[in-house]
1. Exactly one of these conditions fails for residue 483: (1) among the acidic types (Asp, Glu); (2) within 14 Å of the ligand (Cβ to nearest atom); (3) surrounded by fewer than 16 Cβ atoms within 10 Å (Cβ to Cβ). Give me its number.
2. Can you name the residue in the stretch 38-67 that is modelled with pLDDT under 90, part of a loop (DSSP other than H, G, I, E, B) and not polar (S, T, N, Q) and is also farthest from residue 83 (Cα to Cα) among such residues?
3. Criterion first (outside any strand (DSSP E or B) and surrounded by fewer than 21 Cβ atoms within 10 Å (Cβ to Cβ)) does residue 201 satisfy it?
4. Please go through (1) part of a helix (DSSP H, G or I); (2) β-branched (Val, Ile, Thr); (3) within 13 Å of the ligand (Cβ to nearest atom) for residue 369 and return the number of the only condition it doesn't satisfy.
5. Do we have any residue at all in the stretch 496-505 that's among the charged types (D, E, K, R) and within 14 Å of the ligand (Cβ to nearest atom)?
6. Considering only residues of the stretch 530-554 that are assigned to a loop (DSSP other than H, G, I, E, B) and in contact (Cβ under 8 Å) with a residue 60 or more places away in the chain, which is nearest to the ligand (Cβ to nearest atom)?
7. Have a look at 397, 383 and point out the one that is open to solvent by 20 Å² or more (accessible area, probe 1.4 Å), touching a Gly at 6+ places or on another chain (Cβ under 9 Å) and part of a helix (DSSP H, G or I).
8. Go through the residues of the stretch 276-288 one by one and say whether even a single one is under 16 Å from the mean Cα position of the chain (by Cα) and part of a helix (DSSP H, G or I).
Amino acid sequence: MSTDELASKTAQICLDGNFLFVDETTGSDETGCGTKCTPYQTPVAAVALIISMPEEKQATFKIAVKKAGEAEYVEITASALKKARKSHEIAAKKAKKQAEQSSKDKEQNEAKEAEEQRRLEESKKVVLVEDASLAVAQQIRIQDSVKNRNTRVKVFGWVHRQRVQGKDMMFIVLRDGTGYLQCVLTDRLCHTYDGLTLTVESAIAVYGEIKEVPAGKTAPDGHELVVDYWHVVGKAPGGDDSFTNRVNEESDPSLLLQQRHLVIRGDRASSILKIRARVMRAFRDHFDGNGYFEVTPPCMVQTEVEGGSTLFEFKYYDEKAYLTQSSQLYLETCLPSMGAVYTLSESYRAEKSNTRRHLSEYTHCEAEIPFISFNDLLDTIEAMVKGVVNRVWDEPATRAMITQLNPGFKPYTEPFVRMRYEEAIKWLNDNGIKRAEDGKDFEFGDDIPEAPERKMTDTINKPILLTHFPGPIKAFYMPATKEDPRVTESVDLLMPNVGEVVGGSMRIWDHDQLLAAFQRQGLNPDVYYWYLDQRKYGTCPHGGFGLGIERFIAWITNSHTVRECCLYPRFVGRCQP
Ligand code: 4AD
């Protein structure tokens, strides 16, 4: 306390005689100053103030205490004063020790920092030069590292992980997108400025020979690059802005979405994106190998396919237009031109609800096939799912990533369960699953919501081709069956842990029936003239389906949400990065 503060306190105290006041109930050691209006809470604080005064003054002060529940101040007893003095002494000793320790720590830290600074300055003098007497290093990608063991190579990549062992050894796990490579740096290689300040996610180039690791040691692919020369290509920041400060495993999901451009560098996200690439290729290979042609329909459209409520509208010059919900109608027009066709295009749905399986923009794999029956359609969907899974499963690298993410996954060999909508309603009622809105049994005609559908699929725990939905809960283009006009030739493929992955149907192929369907739906047939023409110029029975790529990936990788299964997810409230 400064002399001025002390003087002012003493002046206030003098107003109340030579007493310092302690009120156990209303006082405060932090904000109090010992006067009657602002008393201390404990006698220790009063003792501390007395001891801070000049010695000749100390004896002139007494302490008055108002105990909890008492109305009056009473002079402190000798034993309480002794106790307070003792407590003060202990506290003062502790504070002194702490102050000494922190000054020692400060000194040590300063010395450490100075040493660090000296080492850094020193390190700037260490300049690495590639040894010209060594063989010329061939640039390789990590995926080719096994076949390039024991020859001198050069590898570019990003520091995925880094471990410093003493002053003379450093291990780096390098990542280049094609794989991971452990690199070991020793002696002078670790002593450069870049060596001392290396950070994860820096881009570097390493030169040396890839050697098998000795028995008992582990490293990706069982080998490591023994580095003889290296340099930094693009350094990542350290400190507050370091990569691991921007994103880490504990980060909140919304922060991870905001930082998705960094998250995709991680093991899990990059594996899912690589699996996705292989899955997309497998779909293409499957269709191409089965006589389909790929087409690329427009995304900007003026018609709806799956109901007006999820249309994204935008101004197309001076007209109203939408982002496509499905390419189906365009695929149908391609049948007489190319026969069976497919597309892997984006579809858009203004889904207002925040669920783990809905996106506003998703990749839609759609196919359309002429001259087939409804049963052919079901067989086609089943064969496609099995065929695509087999293709990705047959690639060792993709299989390894799937197994890592979803250890229990195996391709299905058994036939998928085929179940009619009406049987599903019965299943729900037999299993005591009720309608959420009124707690009653489901009835024929009800739309089966996501939760009960998931419950049924997860309980049956097999892929289910759920068929024959009632017309009113399905899209306008689905034809009624001949034997029961209440239901349509429609199908959803339900997968355990995800739910609906495919939606498909036969299409009304009679011109007048389709016109009537437009009218029932309140759609203006004029804007669908091109779609109706397909029924006019050589119509034929046909059917098709759409599969959500993100849901398919979520199923294979056992991901909790489809948001993890695309590059930059779009859903209500998020349109960046
Ligand atoms: O069942 P849907 O709405 O069917 C159609 O769009 C048909 N026109 C397709 C066709 O027959 N060519 O959607 C088909 C699939 C769903 O099963 C689901 O996998 C996916 O598309 N899907 C979504 N995926 C992510 N987010 C959304 N909002 C989705 N909406 C549908």
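1. Among (1) among the acidic types (Asp, Glu); (2) within 14 Å of the ligand (Cβ to nearest atom); (3) surrounded by fewer than 16 Cβ atoms within 10 Å (Cβ to Cβ), residue 483 violates only (2).
2. Filtering first and then ranking leaves 54.
3. yes
4. All conditions pass for residue 369, except number (1).
5. Yes, the stretch 496-505 contains at least one residue that is among the charged types (D, E, K, R) and within 14 Å of the ligand (Cβ to nearest atom).
6. Filtering the stretch 530-554 for residues assigned to a loop (DSSP other than H, G, I, E, B) gives 537-541.
From what is left, the residues that are in contact (Cβ under 8 Å) with a residue 60 or more places away in the chain are 537-538, 540-541.
Working: 537: 21, 538: 21, 540: 17, 541: 15 Å.
Only one residue tops the list, namely 541.
7. 397
8. Just the residues of the stretch 276-288 that are under 16 Å from the mean Cα position of the chain (by Cα), to begin with: 276.
Okay, now just the ones that are also part of a helix (DSSP H, G or I), so 276.
Yes, because at least one residue in the stretch 276-288 is under 16 Å from the mean Cα position of the chain (by Cα) and part of a helix (DSSP H, G or I).
The values are calculated or read from the model by the stated rules, or taken from the named source; none is laboratory data. Please read these numbers as outputs of a predicted model, since none were measured by experiment. Quick reminder, even Gly has a Cβ in these numbers, built from the backbone with ideal geometry, and neighbours come from all protein chains shown. Protein only, heavy atoms only, side chains kept; ligands, DNA and RNA dropped before computing areas. Shrake-Rupley method; radii C 1.70, N 1.55, O 1.52, S 1.80 Å.
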